[in-house]
1. Within region 89-108, track down each residue that is in a loop (DSSP other than H, G, I, E, B), touching a strand residue (DSSP E or B) at 6+ places or on another chain (Cβ under 8 Å) and either at pLDDT 95 or above or farther than 19 Å from ALA56 by Cβ (or both).
2. For residues in region 19-51 being of a type in the set (Gly, Ala, Ser) and buried (at least 19 other Cβ atoms within 10 Å of the Cβ), which is farthest from ARG105 (Cα to Cα)?
3. Which of the following residues is part of a helix (DSSP H, G or I), in contact with a strand residue (DSSP E or B) (Cβ under 8 Å, 6 or more places away or on another chain) and either under 15 Å from THR23 (Cα atoms) or of a type outside the set (Lys, Arg) (or both): VAL42, VAL47?
4. Please indicate, with yes or no, whether at least one residue in region 27-35 is at negative phi and part of a helix (DSSP H, G or I).
5. Considering GLN37, GLN5, GLN60, which residue is touching a residue at least 60 places away in the same chain (Cβ under 8 Å) and of a type in the set (S, T, N, Q)?
Amino acid sequence: MAAAQDAILEELRRLRARVPQLTGALAADTDGLVLAQDTPGVDPETVAALTGATRALAAQLADGTGQGDLRELLVRGVYGYVATYTAGAGAVVTLLAQDRVNVGRLHLEGRRAGARIAELVDSLAVEHTEALTKAPAKPAPARARAARTSRAKPADTRAAATAPTAARTTTES
């Protein structure tokens with residue numbers, strides 16, 4: 001698993017080298033958990049959690065307006081951009097960029113990185129699945145024999161079934 005995570009981190013670093021105006025990059029799963037990060041000066045767990053929440057809302061917005069599945073999200077602040085790109089079905093790439101970044105270049109490189117990271121995330125999932133299947137199975141616990149107990153006979157319900165019931169009647173005037 002560590003090899004795939006290292007590869008994701010390396011992809012993020014190469015991306016930052018290709019787009020010098022990037023101030024940070026991280027990959028997270030769709031639940032907002034960090035897979036790899038290169039975000040100096042920014043708390044990656046907070047960014048990943050906010051990305052997960054924002055992605056979920058943006059996906060609802062895209063779907064609710066008939067635009068289909070969410071592919072990317074761009075937020076522009078006073079000092080720069082936060083751009084999020086899907087990375088397969090289970091992950092996203094979030095990029096932090098200065099205000100002077102070429103947004104077209106940001107999209108081009110972000111989409112490419114998302115596609116590459118999607119492949120790495122898929123290989124990470126395969127490694128995880130293989131590790132689980134190679135783990136020795138725990139033997140099933142031996143069933144303890146249930147102690148035999150005498151069963152109580154059911155109560156005689158015939159008397160209750162034939163007992164008269166008081167019926168309440170009302171008269172209307």
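The values are calculated or read from the model by the stated rules, or taken from the named source; none is laboratory data. In this text the structure is predicted, and so the values were computed from the model without any measurement. Cβ: placed from backbone, ideal geometry, glycine included. Neighbour counts: every protein chain shown.
1. Within region 89-108, ASP99, VAL101 meet the criteria.
2. The qualifying residue farthest from ARG105 (Cα to Cα) is GLY32.
3. VAL47
4. Scanning region 27-35, I find no residue that is at negative phi and part of a helix (DSSP H, G or I), so the answer is no.
5. Of the residues listed, the single one that is touching a residue at least 60 places away in the same chain (Cβ under 8 Å) and of a type in the set (S, T, N, Q) is GLN5.
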